[in-house]
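To start, the structure itself, in structure tokens.
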Amino acid sequence: MVAIGVFDGVHLGHSKIFSALKEEKIKQKAKGMVITFDRNPKQQEAGSLDTMRLRREYVESFDIDFFVVIDFSSDFSKISGSEFIRLLCTMSRIKTVIVGEDFKCGNPKARITAKELEGEFTKHGSNTCVNIVNPVLDDEGIRISSTNIRKLILQGRMERVTSLSGKNYELDLKGIEPKREQAGIAYASFSILQMLPKKGRYKSEALMEDGRVFKTVLTVTDDCIYLEGMDEGHIETLRIITKE
């Protein structure tokens, strides 16, 4: 059982795919694998919605057996959709592939869509069933997508981000050394690989490496983020809850 996608900033649409994968692997008594990419081919803005560490942790919470990351290099970006499917067929015997309705693979001139996948697997001699998962819509009937979540983060609408993601937006601060400031700590913006919300103050929670959780206020400026009242320990992730 294999699910394929970028899955940047896992949201409720992605969760539906992972849940379908878990259900299918239990039903067929098979192993489950998620294949993703080290960067989003469609991403234009600076910064991801997650890090690979956070993405892997979330995927593994669905009891997935294998997490495979493809290096989306310049050479890889040029292969056709058919060549990508051929590579999958040589990698393992795939019973079922689960993708979102908007799935596409291959360069723009030789692209394969979700609806064409099953025929492509058959062409390469693989009796693979393709399960296309319908999109999840928000309460306004709009498809939940990473693009929409990006817009919300840039607007500072973190409660809405939580609603569409099914979880708080998290900054991965593991291994990043902060600068001690008066009554708090600061991280240089350039040291954080993910998107930051618009400038302002946000109620947040700092999850420490030892498992403790501290409530704090995050201030986002042009050059850094500042966490009030934090002066000890190592922060693993920062959950951004709501704008003050």
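The values are calculated or read from the model by the stated rules, or taken from the named source; none is laboratory data. It should be emphasised that the depicted structure is a prediction, and the values quoted were computed from it without experimental measurement. Reconstructed Cβ throughout: ideal geometry from the backbone, glycine too, with neighbour counts over all protein chains shown.
Here are a few things to note about the model shown:
- Residue selected from segment 224-244 under the condition part of a loop (DSSP other than H, G, I, E, B) and either out of contact with any Ser or Thr (no Cβ under 6 Å at 6 or more places or on another chain) or of a type in the set (S, T, N, Q) (or both), by the criterion nearest to Ser165 (Cα to Cα): Glu244
- Matching residues in segment 80-103 - criterion: being within 22 Å of the chain's Cα centre (by Cα) and either acidic (Asp, Glu) or not assigned by TED's automatic domain parsing to the domain that holds Ser19 (or both): Glu101, Asp102
- Which numbered condition Asn40 misses (of (1) surrounded by fewer than 17 Cβ atoms within 10 Å (Cβ to Cβ); (2) outside any strand (DSSP E or B)): (1)
- Residue match in segment 117-134 (condition: among the hydrophobic types (A, V, I, L, M, F, W, C) and in contact (Cβ under 8 Å) with a residue 60 or more places away in the chain): yes
- Considering residues of segment 223-244 that are under 24 Å from the mean Cα position of the chain (by Cα) and under 19 Å from Ala188 (Cβ atoms) only, the residue surrounded by the fewest Cβ atoms within 10 Å (Cβ to Cβ): His234
- Answer from Phe62, Phe37 - the residue that is of a type in the set (Phe, Trp, Tyr) and touching a strand residue (DSSP E or B) at 6+ places or on another chain (Cβ under 7 Å): Phe37
- Among the residues of this structure, Ser77 counts as one that is hydroxyl-bearing (Ser, Thr, Tyr), in the same structural domain as Val34 (by TED's automatic domain parsing) and under 22 Å from the mean Cα position of the chain (by Cα).
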